[in-house]
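The values are calculated or read from the model by the stated rules, or taken from the named source; none is laboratory data. Since this is a predicted model, take the numbers as computed values, not measurements. With ideal geometry, Cβ positions are generated from the backbone for all residues, glycine too; neighbour counts draw on all protein chains shown.
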Amino acid sequence: MLLGKLAQPVCSLRRLPLRGGCRLFWGWLNAVFNKVDYERIQAVGPDRAASEWLLRCGALVRYQGYQKWQQDYNGLPTGPLGKYKIEAINATDSCIMYRGFDYLDGLEHVTEIKLQKCIYIQDECLQRLSETKNLQKSLLQLKIISCGNVTDKGIIALHKLTNLEYLYLSDLPGIREKETTVHILQQALPNLELELDLE
């Protein structure tokens, strides 16, 4: 990738160790990718702006009425504003982080989110997700897999997603009190199907 080719010379110019320096560079770049552009949201609508953010960060989106996942930023569909509504988000290996979550506020049709191997997802992200009014109404399925910064606190915060029907949790080493967390969720969301693969 072009950015990968640029990172090496940048690190060598600054005489930084390749690993640490490039890690800082990528952290900075990921933060830039997650900066919310409120003017863009106003100009193109929440679904288009959120699509751009998610794809820029390496996630995939699927639109309502379509089976194909959109993964190419340059291949985003054109057409009348508001025509394409995000129905599902697959953030596997993406760099989405808390600072970009304002993009989710205007999404009214998201029924499914998958967060897998997202190194920047932490408890505050899940709390923010669960406090997003539109997601409280629309989100039906959530999968959280191999997100090492998620703890019991973040999972418990999901109780505000009152229409959530299915929650899958796997490989989350930060969850230390599994029974208590499960009990709290089941009390708050009695119709929730909870699938666990935690050890």
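Structure notes:
- Filtering segment 91-110 for residues that are surrounded by fewer than 20 Cβ atoms within 10 Å (Cβ to Cβ), under 11 Å from the mean Cα position of the chain (by Cα) and either part of a loop (DSSP other than H, G, I, E, B) or free of Cβ contacts under 8 Å to residues at least 24 places away in the same chain (or both) leaves a non-empty set.
- When LYS35 is tested against (1) touching a residue at least 40 places away in the same chain (Cβ under 8 Å); (2) surrounded by 15 or more Cβ atoms within 10 Å (Cβ to Cβ); (3) not aromatic (Phe, Trp, Tyr), just one condition goes unmet, and that condition is (2).
- Residue match in segment 185-199 (condition: part of a helix (DSSP H, G or I), modelled with pLDDT of 95 or more and of a type outside the set (S, T, N, Q)): yes
- Segment 52-89 - residue that is within 16 Å of the chain's Cα centre (by Cα), within 22 Å of TYR38 (Cβ to Cβ) and assigned to a loop (DSSP other than H, G, I, E, B) and, of those, modelled with the highest pLDDT: ALA59
- Highlighted here are the helices (runs of 4 or more DSSP H) found entirely within segment 118-180 that include at least 2 residues which are among the β-branched types (Val, Ile, Thr) and either surrounded by 15 or more Cβ atoms within 10 Å (Cβ to Cβ) or within 15 Å of the chain's Cα centre (by Cα) (or both): 152-156.
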